Structures are given as structure tokens and as C-alpha cells.
1. Report, in deg cm²/dmol and to the nearest 500, the calculated mean residue ellipticity at 222 nm for the chain, where each DSSP H run with n ≥ 4 adds -39500 (n - 2.57) and the sum is divided by the residue count.
2. So how tilted is helix 49-64 from the main axis of the chain? Cα-based, degrees 0 to 90, rounded to 10.
3. If we count every other residue with Cβ under 9 angstrom of HIS121's Cβ, Lys/Arg +1 and Asp/Glu -1, where does the sum land?
4. With springs connecting C-alpha atoms under 10 Å apart, model the chain as a Gaussian network and identify which of GLU65, GLU12, GLU120 has the largest mean-square fluctuation.
5. If you count only protein heavy atoms and use a 1.4 Å probe, how large is the accessible surface of ASP3, to the nearest 10 Å²?
6. Running a GNM on the chain with Cα contacts under 10 Å, which residue among TRP14, TRP62, TRP86 ends up with the highest mean-square fluctuation?
7. Any idea what Rg and Dmax come out to for the chain if you just take the C-alpha atoms, in Å?
8. Once you charge only the Cβ atoms, +1 for Lys and Arg and -1 for Asp and Glu, what is the size of the charge dipole of the chain about its Cα centre, to the nearest 20 debye?
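The values are calculated or read from the model by the stated rules, or taken from the named source; none is laboratory data. Treat the numbers as computed from the prediction; the structure is a model and nothing was measured. Note that we place each Cβ from the backbone using ideal geometry, even for glycine, and neighbour counts take in every protein chain shown. Areas reflect the complete protein model, heavy atoms only, side chains present, ligands, DNA and RNA absent. Shrake-Rupley method; radii C 1.70, N 1.55, O 1.52, S 1.80 Å.
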Amino acid sequence: MSDESDIRALIESWAGAVHTGELGGVLADHSDNIVMFDVPPPHEGVRGIDAYRETWPPFFVWQREGATFTILELDVTAGDDVAFAWALLRCGTPNDPPEQRLRLTIGLRKERGRWVVTHEHHSFAAVEDEL
């Protein structure tokens with residue numbers, strides 16, 4: 001497999017774990033020094049795998065109320081030891097606008113021959129009415 005396909009499989013596996021609420025799968029392949037900027041606070045982001053771990057249980061509770069988390073589009077670019085990917089996801093409840101998309105950017109580094117996620121950024125586009 002190529003680096004791009006390895007990374008695609010890693011991200012698809014992560015998204016599947018998010019969708020099913022499987023915390024171990026969400027944390028797999030993430031650096032101990034992960035930095036994540038997410039939609040909910042804290043707006044300065046979370047740093048470290050322990051802080052990253054703590055962000056997921058509230059999301060899983062919300063998701064069990066009928067929300068979805070599905071990759072719609074994914075693009076991967078990989079160098080020898082650094083890579084990034086971006087994706088658009090359906091992340092919302094049936095009451096959310098169907099065109100609403102979560103934007104995801106992931107930074108990865110190859111460590112000891114395997115890709116690990118070192119950075120995640122999740123965001124939604126600002127709605128014009130909110131500006």
C-alpha cells in the first residue's frame with residue numbers, strides 16, 4: 001500500500017470509531033502530543049492525548065441522540081515523513097441543515113515507520129445570519 005492509502009485507511013478507521021463511539025479506536029494512531037482545535041471550547045485547543053481523550057465522551061452522548069458522523073470527501077497528501085489530509089463530513093442531527101458540513105484537517109508524522117496524527121482541526125463554516 002502507498003502512504004496515501006495507508007493514511008486514508010487510518011482516517012476512515014478513526015471516523016468509523018467516532019461514528020460507533022469506540023474511544024480506543026478514536027485514540028489509536030494519535031501522538032501523545034496531539035494538538036486539536038475543535039468546534040466546542042476550549043477555543044485555544046487541547047494539547048496532549050489525555051486532554052484529547054476527555055473531549056470525546058460528551059460528543060458520544062450527543063451522537064447517541066441521533067447525530068451522524070460520516071466522511072463525504074477525503075483528500076490525502078503525503079511526503080516521506082509528513083502528511084496532511086482534509087475532509088468534509090456530515091456531522092449533525094436530522095434537524096441540522098442537510099448541506100451543513102464539518103471541515104476536518106489532519107496533520108500526520110511518520111514515526112518509527114507508522115503514521116500518527118499530530119494535529120486535528122474541526123470547524124463549521126459560519127452561517128451568514130450569525131455574522
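1. On the way: 3 runs with 39 residues, N = 131.
Rounded to the nearest 500, it is -9500 deg cm²/dmol.
2. Approximately 40 degrees, to the nearest ten.
3. Working: positive: ARG103; negative: ASP38, GLU120.
Once positives and negatives cancel, what remains is -1.
4. Looking only at GLU65, GLU12, GLU120, the biggest GNM fluctuation is shown by GLU65.
5. Approximately 40 Å² for this residue.
6. Result: TRP62 has the largest fluctuation of those listed.
7. 14.7, 48
8. Details: 11 positive and 23 negative charges, 62 e Å.
Charge dipole, the chain, about its Cα centre: 300 debye, nearest 20.
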